[in-house]
Amino acid sequence: MEMTALCNLQHGFHQDAQGPLCEAVISATNLMFESVVRPFFEGANSNSVFVEGHTVDPNAPIFTNIREGKWDTTGDLDHDYPIFMASMNKTKHPGSLTHYTLDEYKAKGARLYKVAGYDAGFAVSGDGDIISVHNNSDYAAVAPELIKKAIEYGGDHLDHYDFGRLNDVYGGAGFEKFEEYDWDDQYAPKEWDYEKDGRPKVIMRGLPSYLEKRNVPATPVQN
């Protein structure tokens with residue numbers, strides 16, 4: 001958004017209007033946009049799960065570990081953070097991940113879950129935001145199981161990029177789309193591949209219980 005456009009709309013200001021009031025409008029709007037939109041891009045970027053080249057084996061122990069809640073993490077963020085990040089950092093798609101710091105996870109009240117013996121996992125923030133979903137194991141179809149467990153552990157909303165595979169995973173898990181944001185280059189990951197991945201929208205989804213609790217209507221579009 002051109003911030004001068006907003007200033008122009010206030011009290012019929014001229015396009016080139018300047019001055020304390022106009023500058024205050026622009027400054028305040030920039031701060032609001034930054035604080036509201038940036039977290040959605042970060043959350044979406046943390047939930048990009050790539051599965052190409054993985055082995056399909058529904059009987060692999062990784063699925064049992066997820067279903068039975070077997071984790072290498074313990075609930076102590078200071079202990080869990082390096083273990084969890086080592087798992088995330090094994091991705092072949094570094095541009096698809098948001099790397100939260102330990103302090104950022106603490107500020108979110110997040111709990112980290114790394115599957116015992118495998119480089120896959122997720123995190124759930126204190127307010128139910130599902131973040132840092134990743135699967136760097138050798139097995140496909142892990143993401144749906146991770147999401148089921150995240151829901152069991154209190155996750156009820158998430159953000160992701162508008163890719164077909166992610167719409168299938170998150171929409172298929174019962175998360176309904178209720179908002180979307182256009183891509184903004186200023187929030188793009190440093191290693192983002194524009195040629196391969198383009199400029200997707202950021203999709204916000206919530207379980208029906210989340211939407212009802214916050215009186216947020218789902219958008220009448222297909223997942």
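The values are calculated or read from the model by the stated rules, or taken from the named source; none is laboratory data. As the structure is a computational prediction, the values presented were derived from the model and not from experiment. A quick note on method: Cβ atoms are made from the backbone with ideal geometry, for glycine too, and the neighbour counts reach across all protein chains shown.
Is it true that some residue in the range 159-179 is buried (at least 19 other Cβ atoms within 10 Å of the Cβ) and over 30 Å from Asn59 (Cα atoms)? Checked the range 159-179: at least one residue is buried (at least 19 other Cβ atoms within 10 Å of the Cβ) and over 30 Å from Asn59 (Cα atoms). If you check Ser125, Ser96, which single one turns out to be at negative phi, at pLDDT below 95 and not aliphatic (A, V, I, L, M)? After applying the criteria, what remains is Ser96.
Consider the range 108-154. How many of its residues are aliphatic (A, V, I, L, M) and touching an Asp or Glu at 6+ places or on another chain (Cβ under 6 Å)? So the count comes out to 2. Where helices (runs of 4 or more DSSP H) fall entirely within the range 63-180, those with at least 3 residues that are more than 18 Å from Met204 (Cβ to Cβ) and not hydrophobic (A, V, I, L, M, F, W, C) are at 77-88, 102-108, 143-152.
The residues in the range 133-151 that are farther than 11 Å from Asp119 by Cα and of a type in the set (Asp, Glu) can be counted, and the count is 1. Scanning the range 113-145 for residues that are aliphatic (A, V, I, L, M) and under 14 Å from the mean Cα position of the chain (by Cα) returns Ala123, Val124, Ile130, Ile131, Val133, Ala143.
Of the residues making up the range 190-223, those that are closer than 30 Å to Asn89 by Cβ and either among the hydrophobic types (A, V, I, L, M, F, W, C) or in contact with a Ser or Thr (Cβ under 7 Å, 6 or more places away or on another chain) (or both) are Trp192, Val202, Ile203, Met204, Leu207. Among the residues making up the range 181-223, those that are part of a helix (DSSP H, G or I) and among the aromatic types (Phe, Trp, Tyr) are Tyr187, Tyr194, Tyr210.
Per the conditions (1) within 21 Å of Thr98 (Cα to Cα); (2) at pLDDT 90 or above; (3) not basic (Lys, Arg), the sole criterion not satisfied by Tyr187 is (2).
Being modelled with pLDDT under 95, among the hydrophobic types (A, V, I, L, M, F, W, C) and surrounded by fewer than 24 Cβ atoms within 10 Å (Cβ to Cβ), is that true of even one residue in the range 99-107? Within the range 99-107, none of the residues are modelled with pLDDT under 95, among the hydrophobic types (A, V, I, L, M, F, W, C) and surrounded by fewer than 24 Cβ atoms within 10 Å (Cβ to Cβ). Residue check: is Ser132 touching a strand residue (DSSP E or B) at 6+ places or on another chain (Cβ under 8 Å) and more than 28 Å from Val216 (Cα to Cα)? So Ser132 fails the test. Checking the structure you have, find out if any residue of the range 66-82 is surrounded by 18 or more Cβ atoms within 10 Å (Cβ to Cβ) and either at pLDDT below 95 or closer than 23 Å to Arg165 by Cβ (or both). Yes, that holds for at least one residue.
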